[in-house]
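Nothing in this text is a laboratory measurement; each read-out follows from the coordinates by a stated rule. As the structure is a computational prediction, the values presented were derived from the model and not from experiment. Here the Cβ is made from the backbone with ideal geometry for all residues, glycine too, and neighbour counts use every protein chain on show.
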Amino acid sequence: MKGIAAFTLAAALALGLAACNDGKVYDSYRQTSLAGWEKTDTLFFGVPRLNKAGAYQPQLSLRITDKFPFTSLTLIVDEWVIHQKAVAGTNRQRLQLLKTDTLNCKLSNRKGFFNGQGVSNLQYSFPMGTVNLLPGDSLLIRVRHDMKRETMPGVSDVGVQLFLQKSESV
């Protein structure tokens, strides 16, 4: 009887964890230098080929330490889609610039208190719009800071997540 209860609990837990995916199909972080993120240090994120067509929502995430000296961070984000096309038995790729965007990432409230989540490092997430992709498409995302300082202390990690929007069934 204990075996059946343990199996049932394990199966329910596995199903619950699978249901908590929330449509995330990509999640990756890049560390920046402990000495500071250089203005010329560009971070690249390569989202592998996708299996499903649909509307995807990219999201940029930041982790900062108490060494970060400002209330916001300005980032330049370039998004390219790589289209895969099979032509006469070969795969051809076409790189298309979707957009270049300037993200002004507010990190503190009006009183100057940082409002990220966490204890020693604070984490923030910023949506980057929606992109429609086809099966076999992949994304290339480039991120760099656009602050007046050449070296930006206190940014420990920059990440990109990609979520598949749930389609509305008719």
Margin query: Quick check: pseudo-label points 7 Å beyond the Cα along Cα→Cβ at Arg30 and Thr74, how many nm apart are they?
Written below: 2.0 nm
Item checked: FRET efficiency, Gln165 to Ser108 (Cβ-Cβ, R0 30 Å, nearest 0.05) -> 0.50
Next item on the list: Please work out the FRET efficiency for the pair Ala55 and Arg92, using the Cβ-Cβ distance as r and a Förster radius of 41 Å; give the result to the nearest 0.05.
Entry: 0.95
Next item on the list: At 7 Å along the Cα-to-beta-carbon direction for both Met147 and Phe44, put a label point, then send me their distance in nm to one decimal.
Entry: 2.5 nm
Notebook entry, point to check: Roughly speaking, what is the stretch gain from Asn132 to Val119, that is 0.36 nm per residue apart minus the C-alpha to C-alpha distance, in nm to one decimal?
Noted result: 1.1 nm
Next item on the list: May I ask which of Lys24/Lys85; Lys99/Lys166; Lys24/Lys166; Lys24/Lys99; Lys39/Lys67; Lys39/Lys148 have a Cα-Cα span longer than 19 Å here?
Entry: Lys24/Lys85; Lys99/Lys166; Lys24/Lys99
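Would you mind putting 39-49, 113-123 in packing order, based on average other-beta-carbon counts within 10 Å, highest first?
Answer by packing, highest mean first, reads 39-49, 113-123.
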